[in-house]
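Contents: one structure, followed by commentary.
The values are calculated or read from the model by the stated rules, or taken from the named source; none is laboratory data. As the structure is a computational prediction, the values presented were derived from the model and not from experiment. Virtual Cβ from ideal backbone geometry, glycine too; neighbours counted across all protein chains shown.
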There are 2 protein chains.
Amino acid sequence: RNAASIPPSPRLPLPELPPPQLGAHLGELLETGRDADVTFEVDGEMMRAHKLILTCRSPVFHALLSAPMREGNEGVVRLQDIKAEVFRAMLHFVYTANLPEEHSGDRLEVPMTQHLLAAADRFNLARLRTICERKLCESMEVETAATTLALAEQNRALDLKRVCLDFVANNLSEVMATDGFTHMSHSCPHLQAEVLRAVADLKNNAKQAEEEEEEDTAAPA
Amino acid sequence: RNAASIPPSPRLPLPELPPPQLGAHLGELLETGRDADVTFEVDGEMMRAHKLILTCRSPVFHALLSAPMREGNEGVVRLQDIKAEVFRAMLHFVYTANLPEEHSGDRLEVPMTQHLLAAADRFNLARLRTICERKLCESMEVETAATTLALAEQNRALDLKRVCLDFVANNLSEVMATDGFTHMSHSCPHLQAEVLRAVADLKNNAKQAEEEEEEDTAAPA
């Protein structure tokens, strides 16, 4: 190939790449209920869904929907201990990989996040769990820290629990004065021992840092 | 709320957010063929898939699979004029929103891209079409430009066609000397008129730019 045949690259801009539509397409499926083959009854509300999608997204749905349905319930699965709004938001997440707009980003409020964390734990949705844990970490405050700690413990949210313990240890007297702390001490008494351990670690770390600083001052290089 | 109760924000880093797994979960469904309800016969190869996914992703699959199947073919859909490897890569895209690793990014080769563009046009997959158009724009060269122009025309790839016409007009004598140009002139003779129009526009634009520059020089601010 001689020099003259070396091609100039195109001068016009490349066609713009649209975002993936996979979530949008599955979201339509949920919204229209087309070809739905299972109905959930939650809080008296009926919601139609697709076993194929649910079972490939959550091992808990897989176990729940693979078992033969009891006779006479016409494909209806009744769920206890979850609010309709929470289950609807969770279904949206299962189909689209995102929370519905009214509950996503800054619009995700703390009580909804707490319910969604419990739902994520119940149906084993790892990414939804992390979204909720991050939100609750960002929303951490003295008034609610102990309640959030108990919630993290009950829903196996290990990252959130770590952040809570650190926060409580760093704001111990303020947090101990809240109703949430009293409630936590009754509902999960063993968490008090974990708080004590976090406080002890904090003190040790502070002491160690102080000693290192003294050493640095005593013997400069 | 007094100053002492203003909460310090957590000091530990937020839990890391994993990437969405929707595509990965559906990809597993395709790979395992679990609960598949349609089989494609392509080039003698049988591939199992799920009507629910195909019909929500492509209006063409919707039309193809919603029509009652002819008796006796046991849910098998025979497809002509598409290679097994191309159809398999396209199915992967439909389920996961990505091309399979061996055909994605830099590994996507021009002949495969050409086949995938035709498949994207046939099954009306807008994003796959754009991925192919972008790849063919980036891979544009004198030897293949006319063939790519004909391909863009045959598969309604308007953005790619625009880039091809511009490229051919800018490299006219080199491109006219290729076998591809002869072939294009026979298979899509009307494209010659479009190339002529592109060349004329190019000349007009150049002339206009020259005149504007002269004006600027003649009458400085």
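Just a few scattered comments:
- Every pair of residues 6+ apart whose Cβ atoms lie under 8 Å, when the first sits in the range B:158-173 and is part of a helix (DSSP H, G or I) while the second is polar (S, T, N, Q) and modelled with pLDDT of 95 or more: B:Asp159/B:Thr130; B:Leu160/B:Thr148; B:Cys164/B:Thr148
- Restricting the range A:108-130 to residues that are free of Cβ contacts under 8 Å to residues at least 60 places away in the same chain and polar (S, T, N, Q), the residue that is nearest to A:His92 (Cα to Cα) is A:Thr113.
- Failed criterion for A:Ile53 (all others in (1) β-branched (Val, Ile, Thr); (2) part of a helix (DSSP H, G or I); (3) more than 10 Å from chain B (Cβ to nearest Cβ) hold): (3)
- Among the residues of this structure, B:Val76 does not count as one that is more than 9 Å from chain A (Cβ to nearest Cβ) and at pLDDT 95 or above.
- In the range B:83-101, the residues that are assigned to a helix (DSSP H, G or I) reach residues that are among the basic types (Lys, Arg) with C-beta atoms within less than 7 angstrom, at least six apart or across chains, in these pairs: B:Val94/B:Arg57.
- B:Pro68 vs. criteria within 14 Å of chain A (Cβ to nearest Cβ), farther than 25 Å from A:Pro20 by Cβ and at pLDDT below 90: no
- Some residue of the range B:137-145 being assigned to a helix (DSSP H, G or I), under 30 Å from B:Leu191 (Cβ atoms) and without any contact (Cβ under 8 Å) to a residue 24 or more places away in the chain: yes
- Out of B:Ala89, B:Ala120, B:Ala63, B:Ala67, one residue alone is under 21 Å from B:Leu30 (Cα atoms), of a type in the set (A, V, I, L, M, F, W, C) and surrounded by fewer than 16 Cβ atoms within 10 Å (Cβ to Cβ). It is B:Ala63.
- Applying the condition of being closer than 14 Å to A:Arg129 by Cα and of a type in the set (S, T, N, Q) to the range A:92-108 and asking which residue is surrounded by the most Cβ atoms within 10 Å (Cβ to Cβ) yields A:Asn98.
- Cβ pairs under 7 Å, 6+ apart, first in the range A:20-49 and facing chain B (nearest Cβ under 10 Å), second among the charged types (D, E, K, R) and part of a helix (DSSP H, G or I): A:Pro20/B:Arg127; A:Gln21/B:Arg127; A:His25/B:Arg57; A:Asp37/A:Lys51
Conditions (1) touching a Phe, Trp or Tyr at 6+ places or on another chain (Cβ under 6 Å); (2) within 30 Å of B:Gly33 (Cβ to Cβ), marked per residue:
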residue: A:Glu31; (1), (2): no, yes
residue: A:Tyr95; (1), (2): no, yes
residue: A:Leu99; (1), (2): yes, no
residue: A:Pro111; (1), (2): no, no
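- When we screen A:Ala150, A:Ala126 for residues that are touching a Cys at 6+ places or on another chain (Cβ under 7 Å) and among the hydrophobic types (A, V, I, L, M, F, W, C), the only hit is A:Ala150.
- The listed residue being more than 9 Å from chain B (Cβ to nearest Cβ), closer than 19 Å to B:Pro20 by Cα and among the aromatic types (Phe, Trp, Tyr), out of A:Phe123, A:Phe181: A:Phe123
- Scanning the range A:140-149 for residues that are touching a Leu at 6+ places or on another chain (Cβ under 8 Å), modelled with pLDDT of 95 or more and more than 28 Å from A:Ile53 (Cβ to Cβ) turns up at least one hit.
- Scanning the range A:151-174 for residues that are under 30 Å from A:Thr55 (Cα atoms) and more than 12 Å from chain B (Cβ to nearest Cβ) yields A:Leu151, A:Glu153, A:Gln154, A:Asn155, A:Arg156.
- Filter result (among the polar types (S, T, N, Q) and surrounded by fewer than 20 Cβ atoms within 10 Å (Cβ to Cβ)) within the range B:15-55: B:Gln21, B:Thr32, B:Thr39
To keep it simple, each residue is scored yes or no on (1) crowded, with 22+ Cβ neighbours inside 10 Å; (2) aliphatic (A, V, I, L, M); (3) at pLDDT below 95.
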| site | (1), (2), (3) |
| --- | --- |
| A:Arg129 | yes, no, no |
| A:Leu165 | yes, yes, no |
| A:Thr178 | no, no, no |
| A:His183 | no, no, no |
| A:Leu196 | no, yes, no |
| A:Gln208 | no, no, yes |
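- Residue count for the range B:31-59, restricted to those that are closer than 12 Å to A:Ile53 by Cα and aliphatic (A, V, I, L, M): 2
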